[in-house]
Structure formats: structure tokens, C-alpha cells
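For reference, the structure discussed in these notes is given below.
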Amino acid sequence: MSLRFATTSWTQVLAAREAPSSESRQALESLCKAYWYPLYVFVRRQGYGPEESRDLTQAYFAELLEKDYLEDFDPSLGRFRVFLKASVKNFLSKERDKARALKRGGGVPVLSLSADEGEGRYRYEPVDRLTPEELFERRWALTLLERVMARLEQEMTDAGRGEELEKLKGYLTGDTPKVPYRQVALELRTSEEAVKTSVHRLRRRFGAALRREIGETVSSPDEIDDEVRHLLRKLGSRS
């Protein structure tokens, strides 16, 4: 079943470096909208306040989308995650003293970011155990999983199976769920074996959806497996 998520391909962006198009710009803008929060927490962890972090993040995206940041693109930064972290560090080092987001350009922000939303999420981040880089990587991994789950929820709801997913999504991580299969079977009015079969199939669909999502942020399908392993390491390195 087709998903209603926008196509956001980093490969598409890189392929259009020589001749940028409206499609490649839209793909880059969609990627920025999807992954703005890991960047916000990276800036925020540098010691900036909520408003300034939002302004700096918007200023960075404005320059990324309006200027040719990819002209001197380093092939070693082939993954969007790596490119984003390296380029924002460079941006902050150059613009730290003069970046005032909208005041600098006097225009409308390219991406509409909410300081309240960002700060509302940020207050749940580890207080002082993770460096800005570590927090960026961990939040990137969690953002990927959140998007994958949202895709799966949409897919299952469209198929009229939203209640089933709601009951079974606690089994998708591989951890031992708190609710036994027997109880879920009673709630779904089915057998325990049927629940186990559904969980197995959902895990496969979740894994496939994860690979699709990661595939949109790397420059080659050959990088997907490495990026999956990186994602799992970051999720496992909890402080």
C-alpha cells in the first residue's frame, strides 16, 4: 500500500548538485522538516537558550536551502546525517556572533520551527551526560524510528487494522513486552498463535519500513546496512 509521506531522497538531492531542480529542493526541504529536531538539540546543547537555538536552526536551514551548500560537497559526507552534523558545526563556528536568524535576512523563515515544541521535547533529554554530538546521533536514531512507526500506523489504519497495531506495537522492539500474548489475543478476539504470527509479520514490515526510511537519507543502497548498525548502536548507548 502506498504511503502518503512525501518522497524525501538524499540521493535525489545529491544527483541534482550540478543542475538543481524544484524537485531536488523540495526533497531537501522535506528532509530538513523531518529531521530538524536532532539539529535543534545539537544547537541547544551548545548552551544556547530556546529562542536563540530556534533562530540559529532556522538561520542554518535558510542558508542550506537558499545557498549552494553542496557545491563543495565532500563525498565522505555521503549520508545526510553526517553532512548535516558537519555543516551545522561549520555554520555555527562562522555565524556564532552574528546569526540572528530572521533579523539577519529580514525575511520569512524557510522552515517554521516552534521554540515551544522543540523545548517541550528537549526538557526530556538527558541533562548533562551526552555531548552535543552524542545527543544529535541518539535523537537522529529516535527520529528515524518515530517516522517508521508513523508510516506503519498510517499503513495499518488505512487497511482498517489500527486497533491491531495499537495492541501489538509494544512487541516490535524485540524487548519482552509487559502484556502477554494471551491477554492480547483475548482483547483482539483471536488465538495466541494468531497474535504471534501477526507480531512476526509486523516485525518484518517494520524492518522493511526502517530500511526504506534509512534509504532516503544515504547516497547509496550499499550504505543502508552500515546505517542500520549505527542506528542500533546509538539506541543501545543509553546514559
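More than 17 Å from the chain's Cα centre (by Cα), surrounded by 15 or more Cβ atoms within 10 Å (Cβ to Cβ), within 28 Å of Arg121 (Cα to Cα) and of a type in the set (Lys, Arg): is that true of Arg54 in this structure? Steps first, answer last, please.
Numbers: more than 17 Å from the chain's Cα centre (by Cα): yes; surrounded by 15 or more Cβ atoms within 10 Å (Cβ to Cβ): yes; within 28 Å of Arg121 (Cα to Cα): yes; of a type in the set (Lys, Arg): yes.
Yes: the conditions hold for Arg54.
Would you be able to tell me the number of residues in the stretch 198-239 that are touching a Ser or Thr at 6+ places or on another chain (Cβ under 6 Å) and closer than 27 Å to Glu163 by Cα?
The number of residues fulfilling the criteria is 0.
Could you tell me whether any residue of the stretch 10-18 is small (Gly, Ala, Ser), at pLDDT below 80, closer than 30 Å to Glu119 by Cβ and loosely packed, with under 15 Cβ neighbours inside 10 Å?
Looking for residues that are small (Gly, Ala, Ser), at pLDDT below 80, closer than 30 Å to Glu119 by Cβ and loosely packed, with under 15 Cβ neighbours inside 10 Å, one finds none in the stretch 10-18, hence no.
Can you find, within the stretch 163-197, the residue that is modelled with the lowest pLDDT among those that are within 21 Å of Arg212 (Cβ to Cβ) and exposed (fewer than 14 other Cβ atoms within 10 Å of the Cβ)?
By that ranking, first place goes to Gly174.
Does Lys89 meet the test of being modelled with pLDDT of 80 or more and closer than 19 Å to Glu52 by Cβ? Please lay out each step first, then the result.
Numbers: modelled with pLDDT of 80 or more: yes; closer than 19 Å to Glu52 by Cβ: yes.
Judged against the criteria, Lys89 is a match.
Take the residues in the stretch 32-73 that are at pLDDT 85 or above and outside any helix (DSSP H, G or I); name whichever of them is nearest to Ser21 (Cα to Cα).
Tyr35
Condition (residue is in a loop (DSSP other than H, G, I, E, B), under 30 Å from Leu135 (Cα atoms) and either at pLDDT 90 or above or over 29 Å from the mean Cα position of the chain (by Cα) (or both)) applied to the stretch 198-214: is it met by at least one residue?
Checked the stretch 198-214: no residue is in a loop (DSSP other than H, G, I, E, B), under 30 Å from Leu135 (Cα atoms) and either at pLDDT 90 or above or over 29 Å from the mean Cα position of the chain (by Cα) (or both).
Being acidic (Asp, Glu), closer than 27 Å to Gly236 by Cβ and in contact (Cβ under 8 Å) with a residue 12 or more places away in the chain is true for just one of Glu153, Glu164. Which residue is that?
Every option except Glu153 fails the conditions.
The values are calculated or read from the model by the stated rules, or taken from the named source; none is laboratory data. Please read all numbers here as calculations on a predicted model, not as lab measurements. Positions of Cβ are generated from backbone atoms using ideal geometry, with glycine treated the same way; all protein chains shown enter the neighbour counts.
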